[in-house]
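Colleague: Please find one structure pasted underneath; my questions will follow.
Throughout, read-outs are computed from the coordinates displayed, never taken from laboratory work. This is a predicted model, so every value here is computed, not measured. Note that we place each Cβ from the backbone using ideal geometry, even for glycine, and neighbour counts take in every protein chain shown.
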Amino acid sequence: MMQILSVASEMFPLIKTGGLADVVGALPAAVAPHGISATTMVPGYPRVMDRMANAAVVREWPDLLGHSARLLAAQVDGHAVYALDAPDYFDREAGPYTRADGTDWPDNGRRFAAFAYAAAACADDFDLVHTHDWQAALVAVYRRYGVGSAAIPSIITIHNIAFQGRYDAELFAALRLPPAAWHSGDVEYYGGVGFLKGGLACADAITAVSPSYAREVRTAEFGMGLDGLMRVRADDTYGILNGIDPAIWNPATDTLIKTRYKTAAGKRANKRALEAYFGLERGDDPLFVVVSRLTWQKGMHLLAEWLDSQPMAGWRLAVLGNGDRVLEQAFMQAAARHPGRIAVKIGYNEPLSHLMQAGGDAILIPSQFEPCGLTQLYGLAYGCVPVAARTGGLSDTIIDANPAAQAAGVATGVLFDLHVADDIGRAIARTCALYADTAQWRQIQRNGMRADFSWTASGAHYAALYRRVADRRARA
Ligand code: ADP
């Protein structure tokens, strides 16, 4: 059995703010059939520590970059979990990265440097370390500079290259890296410290969460300043699609929805429940849903702008999300102007997100960029047809209902080129026309519900990559 340590700042069901948590939570079961045993290390936020009651102490640091810390190990809901119990860093209410008012914790750099340092120090007990995003990215840098044995390889997965962990140069001293690490081949990044940059420079291999995104990050448009490094590392970069966990996202077994179903006809009772929950008019016209962070990345500024001018005839919209305060306000105002036609819930609500997939006819995803995206995969599984911008993982997972795909009977959704807000309107109009032809719509739903986006294929890809990287290290 190959032992790996998966290091991330979120893991479903312990702590989740987005897709990262779902993927990190599903990964151990995805690679287990391939002889890989994964332990997942997360920060000891209050919600994590609540689940670590019977934990064993694996290691202690009197001074982990300035504060004391302990590493705890426990089995939580069948997962092998390591939690970094470091109250000065992680025993805080509000979000994992932000205060209650939505602003970043001012010491995020130190918090996640300490987290990565601890993970690097523990990695010797494993055959490989798999780090996720900027919060865990310094693991590879610490290991290059002597924290733990450099013989253990590491890989890093880019879930979103826009979040980079970029700090002023003053932070460097607090990281306790040797002066040699202040170098453009390591953590130095445009005169400051770059956590993700360091990880991408030092890890043995890199994965991005879809094949399209793995290519896109090499371009100036999507690389967010790291495209040059991603071109240099192109041969060590792999695109591996996220899967979905069928134990959690399956309309035939989901206990969070009104009525379970195996075919799209079973969605009707859920649609009625969703209309009632949101106070929407009852109706047979298509009900679009949005389940999303309300941010620029998700194209929510374009949707809010476009909604402003709509008569809202022939379709309705239910939105669940939170994020930018200005966008939250814009959606609330749209709902106030169109009572019964647009309804909005601001907040994070996991059970409601399931009912929205079950009750919605279509899920709208107008992302500016999308590394993989999970809500379109949940939409496919639930017969909630994805209507999505043609970018990143969205274009890898949805087959647009163009005439060729329709003739071949393989379409699963609507993909559209998104440049201006009106493009969203045209996509909605196209979706409404497809919906009006019931036989055609049912086929699109059926195709999506039958598509296999489980972890079967991607689990095998990760396992193969772990072995390839470990073998390469062993031979070096
Ligand atoms: P990202 O990770 O960029 O936010 P993904 O589509 O990869 O986007 O994953 C988003 C995840 O978060 C999905 O599981 C989605 O259902 C969930 N989600 C997003 N916003 C909310 C919300 N307001 N309430 C509940 N779940 C949400």
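Colleague: Within the chain, which whole H helices from DSSP have a Cα span along their axis of at least 20 Å and a mean Kyte-Doolittle hydropathy of -0.5 or more, if any?
Modeller: 108-122, 421-436
Colleague: Under 17 Å from a point 7 Å along the Cα-to-Cβ line of Gln329: which residues of segment 100-144 have their amide N that close?
Modeller: 101-103
Colleague: For the residue pair Ala276 and Arg475, what label-to-label distance in nm results when each label sits 7 Å from Cα along the Cα-to-beta-carbon direction?
Modeller: Calculated label separation equals 6.3 nm.
Colleague: Ok, one more. Any chance you could run the full-extension gain for Ala180 through Ser68? It's 0.36 nm times the residue separation minus the Cα-Cα distance, nm to one decimal.
Modeller: Full extension of this stretch gives 37.7 nm more.
Colleague: So if we plug the beta-carbon distance of Ser37 and Arg215 into 1/(1 + (r/R0)^6) with R0 = 30 Å, what FRET efficiency do we get, rounded to 0.05?
Modeller: 0.40
Colleague: Please compare each pair in Lys298/Lys345; Lys16/Lys298; Lys16/Lys345; Lys271/Lys345; Lys262/Lys345 to a cut-off of 22 Å on the Cα-Cα distance and tell me which ones are over it.
Modeller: Where the Cα-Cα span goes over 22 Å, the pairs concerned are Lys262/Lys345.
Colleague: In which sequence would Thr397, Thr259 go, from the one with the fewest C-beta neighbours within 10 Å to the one with the most?
Modeller: Thr259, Thr397
Colleague: Expected output is a single nm value to one decimal: the length gained when fully extending between Val232 and Asp101, i.e. 0.36 nm times separation in residues minus the C-alpha distance. What is it?
Modeller: Full extension of this stretch gives 43.3 nm more.
Colleague: Applying 1/(1 + (r/R0)^6) with R0 = 41 Å to the Cβ-Cβ distance of Ala269 and Arg467, what FRET efficiency is obtained, to the nearest 0.05?
Modeller: That pair, Ala269 with Arg467, gives E of 0.30.
Colleague: In whole angstrom, note down how far apart the Cα centers of segment 460-474 and segment 347-417 are.
Modeller: 32 Å
Colleague: Right, another one. Taking every pair of Cα atoms in the chain, average 1/r, invert it to obtain the Kirkwood radius, and report Rg/Rh to two decimals.
Modeller: With Rg and the Kirkwood Rh in hand, the quotient comes to 0.98.
Colleague: Of Ser367, Asn349, Gln310, whose Cα points farthest to the positive end of the dipole of segment 264-416 (charges on the beta-carbon: +1 Lys, Arg; -1 Asp, Glu; origin at the Cα centre)?
Modeller: Result: Asn349, furthest along the dipole toward the positive end.
Colleague: Please list, by residue number, everything in segment 69-88 whose backbone N is under 17 Å from a paramagnetic label point 7 Å out along Cα→Cβ of Asn54.
Modeller: Under cut-off, by backbone N: 72-83.
Colleague: How much net charge surrounds Phe288 when only other residues with a Cβ under 13 Å from its Cβ are counted (Lys, Arg +1; Asp, Glu -1)?
Modeller: Within the 13 Å Cβ shell, the charges total +1.
Colleague: Something else now. Using just the helices of the chain, give the 222 nm mean residue ellipticity in deg cm²/dmol: DSSP H runs with n ≥ 4 each add -39,500 (n - 2.57), and the total is spread over all residues, rounded to 500.
Modeller: -11500 deg cm²/dmol
Colleague: Evaluate the charge dipole of the chain about its Cα centre and quote only its size in Debye, nearest 20, assuming +1 on the Cβ of each Lys and Arg and -1 on the Cβ of each Asp and Glu.
Modeller: I would put it at about 980 debye.
Colleague: Additional query: Give me the distance between the Cα centres of segment 254-303 and segment 114-188, rounded to whole Å.
Modeller: Cα centroid to Cα centroid, the span is 41 Å.
Colleague: Calculate how many DSSP beta bridges within the chain are antiparallel, expressed in % of all such bridges and rounded to the nearest 5.
Modeller: Around 30 percent antiparallel, to the nearest 5.
Colleague: With contacts defined as alpha carbon pairs under 8 Å and 6 or more residues apart, what's the relative contact order of the chain in percent?
Modeller: Once normalised by length, the contact order is 12 percent.
Colleague: Please work out how much length the chain gains when fully extended from Ala173 to Ser309, using 0.36 nm per residue of separation minus the C-alpha to C-alpha distance, in nm with one decimal.
Modeller: Extending this stretch completely gives an extra 43.7 nm.
Colleague: What residues have an amide H closer than 5 Å to that of Gly239, excluding those fewer than 5 places away on the same chain, when H is modeled at 1.01 Å from N in the peptide plane?
Modeller: For Gly239, the qualifying residues are Ala208.
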